[in-house]
Structures are given as C-alpha cells and as structure tokens.
Amino acid sequence: MMKKNWEVKKLGEVCEFQNGFAFKSKTYKPSGSPILRITNIKNDSLDTNDLVYFDKKDYKEKFEKYEVFKGDLVIAMSGATTGKLGVNTTDTVFYLNQRVGKFLPKKELLKEYLYFYLSTKVEENLKISAGAAQPNLSTEQIRSFSIPLPTLPEQRRIVTILDEAFAAIATAKENAEKNLQNARELFESYLQSVFANPGDGWEEKKLGEISEIFGGYAFKSGDFQKNGRYQVLRMGNVRPGIIRSDESPVFIEKIDEKILSRSLLKPGDIIITQTGTRKKRDYGYTVSIDKSNYLLNQRLAAIRTSKNLDHQFFLYYSWSDSFRDQFFASETGTVGQGNVGMSAVTDAIIPLPPLPEQQPIVAKLDALSAETRKLEAIYQQKLADLDELKKSVLEKAFGGDL
C-alpha cells in the first residue's frame with residue numbers, strides 16, 4: 001500500500017519529454033557530432049562502438065534541444081528494445097535521433113528516482129508497444145505513465161537505498177558470471193590440451209579414411225509438415241552438442257526409399273553444419289544423433305565413424321581448435337556468408353589413439369562436461385535469482401515499503 005504523503009501523477013505533469021530529430025542517413029559522416037540511435041542504448045548505458053556522425057552545417061535546424069549531456073536519461077521508442085533505458089555516463093554530448101527520447105524532470109522529480117521507477121516499466125512498455133509490425137511507444141503513452149511521487153527528501157532516501165542494493169547485486173552478479181566463465185574454461189582447457197598433446201602410439205588419419213561421410217538431401221520446403229514420422233534436421237536445429245527442438249522443427253511423413261536410404265541418420269552419427277555467417281563463424285557446429293528418425297537436410301554433412309574411431313571421441317575432437325582450424329581453412333563464400341565443402345570434412349586429419357585409449361579420454365571428458373553443466377545450472381539460477389531480487393527491491397521501493 002502506498003504511503004499517505006505520496007502522490008500519483010502523470011509523468012507528463014512532472015517531466016518534459018524530448019523526441020529525437022530525423023537525421024538523414026545520406027548525411028552521415030565518419031566523424032563530427034555523434035548521433036544517438038536506438039542501437040546505441042544497451043545495458044542501461046550508451047554503447048559508443050557503433051556511432052554515426054553528422055555535420056551541423058548540413059541542416060538549418062538548431063540542435064540544442066536534441067543534445068544529450070552527461071547524466072541525461074534516454075529511452076528507446078521503437079524496435080526490439082522498445083522501453084530500454086540508457087544513461088549518458090560519458091563526457092560526450094550526443095544528439096537524439098528519431099525514435100529516441102530524452103527525459104527532462106521538473107524540480108519536484110529527481111532524475112535518479114525517475115530512472116529507477118522507469119526501470120520497473122521496461123517489460124510493461126514492451127507489452128504496450130507489441131502487436132504492431134514494428135513495436136513502438138508514442139510520446140503520449142510515455143507522458144501518460146502514472147508515477148508514485150513522494151517528497152524530494154524521500155526520493156533521495158529511496159535512491160540511496162537502491163544505489164547501495166543494486167551495487168551489491170551487481171557485485172554478486174559479476175562474481176556469478178566469473179564463476180560461470182571459469183567453469184566453462186576448465187572444460188575447454190582440458191579439451192584443447194587432450195588434442196594438442198597426442199600421446200605415444202597415436203596415429204594421424206584422414207577422417208574420410210576411417211569414417212563414412214555423406215551430405216544432406218535438398219528437401220523441398222513444400223513437403224514439410226508440423227508433425228510426421230521423420231524430422232528433417234536443418235542448420236538452425238544444430239548447436240554444439242545439442243539438437244534445438246525449439247528451432248522450428250519440420251517433419252516428413254512419407255519419403256521415397258532411395259532418398260530415405262541416403263538421408264536417414266543412425267544413432268551415433270555426427271552431423272556438422274557447413275554454412276553460416278562468415279564473420280561470426282557461427283557454423284561448423286557438431287552434435288551426435290541419438291534417435292533413428294532424423295533426416296539430413298542440405299548444407300549438413302554426416303560422419304558415421306568406423307569401429308576404430310569412437311564417435312564420442314570424434315565429437316569432442318570436432319570441438320577442438322585443431323579440427324576447427326582445418327575445417328575453416330577452406331572456407332569460401334561472400335563477405336557475409338561462409339561455406340565449407342565436403343573435402344574439409346573428409347580430408348581433416350584426426351589424431352587417433354588406439355580404441356582402448358579413446359574410451360578413458362571420452363569418460364574423463366564426459367565427467368568433466370557433466371560437472372560443468374551442473375555448475376552452469378547453479379550459476380545460471382543464481383543470476384536469475386539476483387534478477388528477481390532486483391525486481392522485488394524495486395517493487396518495495398515504489399510501493400512505499402523501503
């Protein structure tokens with residue numbers, strides 16, 4: 001319940017709001033006055049890594065009202081980040097682009113108090129803006145927000161408490177994120193060391209010499225169904241070590257026997273994606289198949305290992321720098337998209353210990369991987385709990401319970 005001496009006002013009554021200017025992209029410059037766009041609002045601050053600039057001489061407009069000084073609070077008004085807030089923590093003066101707004105609190109409203117209050121409204125703002133082809137918050141919607149307004153001394157007291165609480169939460173999150181990263185690095189370090197330091201008696205073989213390797217079939221999208229006997233595995237379904245069941249699964253009920261024989265996967269087969277974003281290298285992902293109803297789509301290759309190569313041993317090797325360096329060495333494609341052909345898979349050199357040595361290595365990596373996943377789950381839950389704590393503290397603050 002709100003305290004008796006608190007008022008509830010519309011944001012427009014206690015705060016001015018300034019919309020951005022419609023800069024023309026053809027006037028962008030590599031240097032000059034920095035334009036603050038929606039994409040620059042990230043993590044409650046302003047990201048300066050992707051700035052564009054303009055020259056005031058290109059316009060007749062007076063730009064003073066669009067200036068964003070240190071400490072100013074801005075909001076994204078369109079797109080996937082609608083409702084996201086940013087504070088200018090730099091000494092740089094930015095200029096508001098269209099669909100970015102700046103808050104100008106009046107004397108009865110502290111800017112820091114407003115920031116904390118608006119941070120409770122991000123999810124609500126996204127819901128308000130949803131439904132259109134392009135999410136959008138209007139100036140009128142922002143001005144019509146209701147805000148609980150205590151006295152200025154009370155606002156200062158709340159801001160002080162929230163500053164201290166959020167600093168402690170930020171420290172706890174940073175520690176959890178470090179622990180999460182350390183857990184992942186432990187597994188990664190051991191994985192790399194196994195294949196960077198082959199033991200005595202290890203051979204080097206081309207993968208094509210000790211495995212059956214085949215490419216996927218060019219299924220027609222018109223044949224896909226939401227359900228069916230066989231699931232067609234596409235590139236979007238594959239991530240390192242996992243099949244993403246949430247990535248638009250498609251199925252086929254009936255299939256020609258010849259196509260079935262060349263595209264049906266067996267449990268233990270390993271598949272690898274062959275196309276993706278060149279800059280990000282978001283392909284070359286591998287996973288071991290554990291079902292017998294998967295069909296292999298085009299731009300995926302399958303590796304069916306022989307009795308001399310444990311399929312799980314190869315799966316772990318495919319995550320190593322040694323394999324990925326070979327795989328991407330023959331990358332082709334455009335600036336944006338990369339492709340890797342079948343020869344990069346068949347000709348890849350595999351450090352091959354005798355089979356009895358492969359299995360203990362797999363067992364050690366399996367155990368370390370399981371422990372890593374357990375730690376990841378613990379730290380991910382801790383991060384989620386800290387986010388919930390943050391929400392709970394904010395709810396108490398603006399309910400008058402602090």
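The values are calculated or read from the model by the stated rules, or taken from the named source; none is laboratory data. Values in this document were obtained by computation on a predicted structure and should not be read as measured data. Quick reminder, even Gly has a Cβ in these numbers, built from the backbone with ideal geometry, and neighbours come from all protein chains shown.
Structure above, values below:
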| item | result |
| --- | --- |
| Region 274-292 residues that are closer than 15 Å to residue 236 by Cα, paired with ones that are modelled with pLDDT under 90 and in a loop (DSSP other than H, G, I, E, B) (beta carbon under 8 Å, 6 or more apart) | 277/336 |
| Condition met for residue 192 (surrounded by 11 or more Cβ atoms within 10 Å (Cβ to Cβ), in a helix (DSSP H, G or I) and modelled with pLDDT of 95 or more) | yes |
| Extreme residue, surrounded by the fewest Cβ atoms within 10 Å (Cβ to Cβ), among residues of region 306-359 that are in a loop (DSSP other than H, G, I, E, B), over 30 Å from the mean Cα position of the chain (by Cα) and among the polar types (S, T, N, Q) | 306 |
| Filtered residues of region 360-402 (kept if small (Gly, Ala, Ser), in contact (Cβ under 8 Å) with a residue 12 or more places away in the chain and either over 30 Å from residue 159 (Cβ atoms) or surrounded by fewer than 12 Cβ atoms within 10 Å (Cβ to Cβ) (or both)) | 369 |
| Within region 10-38, tally of residues that are among the polar types (S, T, N, Q) and either closer than 23 Å to residue 70 by Cα or in contact with a Cys (Cβ under 7 Å, 6 or more places away or on another chain) (or both) | 4 |
| Number of positions in region 5-34 that are surrounded by fewer than 14 Cβ atoms within 10 Å (Cβ to Cβ) and part of a loop (DSSP other than H, G, I, E, B) | 5 |
| Every residue from region 353-383 that is under 20 Å from residue 241 (Cβ atoms) and among the charged types (D, E, K, R) | 364, 366, 371, 373, 374, 376 |
| Given (1) more than 15 Å from residue 37 (Cβ to Cβ); (2) modelled with pLDDT of 90 or more; (3) in a loop (DSSP other than H, G, I, E, B), number of the condition residue 92 does not satisfy | (1) |
